[in-house]
């Protein structure tokens with residue numbers, strides 16, 4: 001499914017004027033704080049009415065200000081995972097997941113498969129207060145998936161987590177990307193996170209699209225370095241596992257030569 005976005009909206013301090021297309025897979029909206037990432041996601045979700053916009057997902061027009069068309073949020077078939085999990089505190093994990101199923105129109109994800117994929121089977125009887133931050137985000141993901149969305153929006157879902165919890169949840173996000181086939185619009189300002197998850201990157205600066213394309217190309221292009229910032233500049237290396245060494249290291253073969261990493 002292709003997501004096509006064209007938005008122009010005037011805020012008090014800057015103007016958002018962005019156009020891009022997001023193909024299947026994970027499309028990361030990447031840029032510094034205040035570049036317009038969350039505003040774009042909210043416009044796609046129907047939580048914001050832009051001054052001028054045309055937003056289309058898989059052939060369905062979600063917003064077209066010229067035609068005075070605005071599909072209400074509850075009819076867009078979109079799952080949204082926020083920075084905070086926003087689970088219902090009085091419901092168990094199982095009940096929070098079942099709440100997501102209420103918005104499914106049939107033919108959606110199977111609950112047992114989602115529970116297994118996210119590794120939350122042992123949490124089903126707990127309430128959100130008894131979960132860690134990473135566990136709450138995994139439950140929020142499950143609830144969104146079980147609503148059978150045509151598109152999944154994720155607004156910096158790992159921003160509130162420390163590095164250890166981020167490392168714990170990233171494999172589940174990779175499984176989500178690889179196993180569900182859901183198109184995902186993912187907001188982040190972490191280059192390492194984007195490099196690991198994204199197929200496509202839309203690089204935003206001051207409300208405008210500065211660059212867009214395949215993740216490896218955008219993150220490795222010297223021309224984008226000033227936009228990424230000195231702490232985020234790098235490159236993506238493709239490598240193949242060759243051996244697991246006796247000392248606990250993994251040997252990788254890459255175009256740059258052999259690399260050794262912890263197993």
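Values computed for the structure shown
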{"read-out": "Overall dimensions of segment 4-56 as given by Cα atoms, namely Rg and Dmax in Å", "value": "10.8, 34"}
{"read-out": "For segment 41-87 and segment 163-195, distance of Cα centres in Å", "value": "22 Å"}
{"read-out": "Simple spin-label estimate for residue 113 and residue 174 in nanometres, 7 Å along Cα-Cβ", "value": "2.1 nm"}
{"read-out": "Sites residue 246 and residue 125, calculated FRET efficiency, Cβ-Cβ separation with R0 41 Å, nearest 0.05", "value": "0.45"}
{"read-out": "Simple spin-label estimate for residue 102 and residue 74 in nanometres, 7 Å along Cα-Cβ", "value": "1.0 nm"}
{"read-out": "Cα-based shape type of segment 118-229, given that a ≥ b ≥ c are square roots of the gyration tensor eigenvalues and the cut on a/c is 1.5", "value": "prolate"}
{"read-out": "Relative contact order (%) - criterion: Cα under 8 Å, at least six apart; region: the chain", "value": "23 percent"}
{"read-out": "Inter-label distance for residue 233 and residue 95, nm, one decimal - labels placed 7 Å from Cα along Cα-to-Cβ", "value": "5.4 nm"}
{"read-out": "Antiparallel DSSP beta bridges within the chain, as percent of all bridges there, nearest 5", "value": "65 percent"}
{"read-out": "Cα-based Rg of the chain normalised by 2.2 N^0.38 Å, two decimals", "value": "1.06"}
{"read-out": "Theoretical ellipticity at 222 nm over the chain - DSSP helices of four or more residues, -39500 (n - 2.57) apiece, nearest 500", "value": "-8000 deg cm²/dmol"}
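Bear in mind these aren't lab numbers, they're just calculated from the coordinates by the rules spelled out. Only a predicted model underlies this, so the values are computations on that prediction, with no experimental measurement involved. Quick reminder, even Gly has a Cβ in these numbers, built from the backbone with ideal geometry, and neighbours come from all protein chains shown.
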